[in-house]
1. Roughly how many percent of the accessible protein surface of the chain is carbon and sulfur, given a 1.4 Å probe and a whole-percent answer?
2. Counting only the heavy atoms of the protein chains, how much of Ile300 is accessible to a 1.4 Å probe, in Å² to the nearest 10?
3. Report which label in (1) 36.7, 118; (2) 23.1, 73; (3) 21.7, 65 holds the value of Rg and Dmax of the Cα atoms in Å derived from the coordinates of this structure.
4. Arg202 to Ala216: extension gain in nm, 0.36 nm per residue of separation minus the Cα-Cα distance?
5. Could you grab the Rg to Rh ratio for segment 134-282? Cα atoms only, Kirkwood for Rh.
6. Please figure out what share of the DSSP beta bridges in the chain is antiparallel and state it in percent, rounded to the nearest 5.
7. Once the Cβ-Cβ distance between Ser72 and Ile42 is put in as r, and R0 is 22 Å, what FRET efficiency do you end up with, to the nearest 0.05?
8. With a probe of 1.4 Å, find how much accessible area the chain has per residue, and write the answer as a whole number in Å².
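The values are calculated or read from the model by the stated rules, or taken from the named source; none is laboratory data. Note that the structure is predicted; figures quoted are calculated from it, not measured. Quick reminder, even Gly has a Cβ in these numbers, built from the backbone with ideal geometry, and neighbours come from all protein chains shown. Remember, those area values only see protein heavy atoms, side chains included, never the ligands or the DNA or RNA. Shrake-Rupley method; radii C 1.70, N 1.55, O 1.52, S 1.80 Å.
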Amino acid sequence: MLQAASFRLAIVGSGPAGFYTAYHMLKEHPSSLVDMYEALPIPFGLVRYGVAPDHPEVKNVQNRFDEVARDSRFTFIGNVKFSKELNIADLKSHYDAIRNVFSARAFVGWYNGLPQHRDLRPDLMCSDNATIIGHGNVALDIARILLTDVDKLRKTDITEYALEYLRKSRIRNVTLIGRRGPLQVSFTAKELREMMHLPNIRFHINNELVKKELSANTELISQNRPLKRLMQILESGTSNTIGEKSWSLKFLRSPAEFITSDTGDPSQTKFIKAVKFHVNKLEGPPGNRIAVPTGIMEEIETSLVFKSVGYKSTPVEGLPFDEQKGVVPNVKGKVLDKNGNELPGFYVSGWLKRGPQGIISTTMYDAFETAEIIVSDIQQNKPMLSDTTD
C-alpha cells in the first residue's frame, strides 16, 4: 500500500485549474505535498492576467488561492519554463502525478500586465473603428475595455501603460463578428448585460435576422432558460440608440483573408486595412446548427483587428495529444495513452483536459474532479510515476 506521506504532486501551470486542483488535493488528501511550477515569476494565470480589470469580483478567487499558497505542504516555483528548463523526464523520478494548463491571449495579457506581452503596443490611434472576430466572453471583454471611459477604468487594477494607451485611443466603434447566428453566440448573459448597460454607448444589430431566428426556434429557446435569457437581453439592447460610441454584433461571417496596405516598399511595415469574410448560412437541426459558406465574399474595412476565436492547447512533450480536439486524451482527468489505456501517474485539468470553454467556476469543478480521481487512485493503490521505471 502506498504510504500517504510519500505522495508528491507536480502541477505545471499556476492558473485557476492548477490552484483548484492543489486546493482539493490538500483538502481531501491531507498528507499530499504539492509543488507548482510556473513560467512567470508570479502565480494565478488567467485570474491575474485574463480577467477584465473592471471585474474585480471575479479576481476574488485569489483569496482561496492565497490560502493554498500559504499552506506548508505547498511550494510555488516560478521562472521555470516547461519543455525548456523542465520536462517530464525531470519530474518522473521525483513525483507521483503531473498535469498542465493553458494560458490567456496576448491582448488581455497586455492590459493586465502579463510580462511577456508588456511590449505588445497595440495601435489604438489608427482609426475610429476596431474589429473583433469572435462572439465569446473574451471578445466582449475587449470591446468593453475599448469603449469604457478611462476615468472608470482608472479605478480598477488595469496597468498604467494600458490606461495611457486607452486615454489616447481614437476607437469609438467596435464590431464583433461571428461565423454563426444570434442563437449560437458563446458569451454569457452576465457579460452581455454588462455591455448593454455601458453608459452613452449605442448598440447595432441586424434586427431582421434576430427576429427571423427567434421565430424559427421558439421551441428550442423555450426549453433552454440560459438561451432564453440571453435572447431577451439581446432584444432589449436594440433600444440603445443614443451615445457617442457604439458597438455592434455581426453574424454569419467567417474570416478568409487579412488584407494589408501596399506601400510599394517591401522594407516598410504593412498595416491591416481590411478583412475578407466568407458569408455563411446556417444548416442542420435546431440546437446543432453549423455555418456553411454560401460562396459569397464580403470585405470589411478596418485598421485594427482582434482575433478572439478561442484557444487551442499545444502538445506537451511526453504526453499523448488529440490534435483535432486540442486536448490530452483523458477520462475525468485521468490521462489515457494512444491505445486508450490509463497512463499511470498522469492527470490533466483545465483547457488541456476539456478544451477552451467555460468560465472560472467551470474550471473549479473540473479541477476538483481531477483531484478526486487522484485521491481515488491513491486509495486504490494504483501505480504512480514513482512506481514506473520507463
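1. After summing per-atom areas, the C and S share lands at 49 percent.
2. Spelled out: Ile300, probe radius 1.4 Å, area about 40 Å².
3. (2)
4. 2.3 nm
5. 1.02
6. Given both bridge residues lie in the chain, the antiparallel proportion sits at roughly 40 percent.
7. FRET efficiency, Ser72 to Ile42: 0.60.
8. About 50 Å² of surface per residue is accessible.
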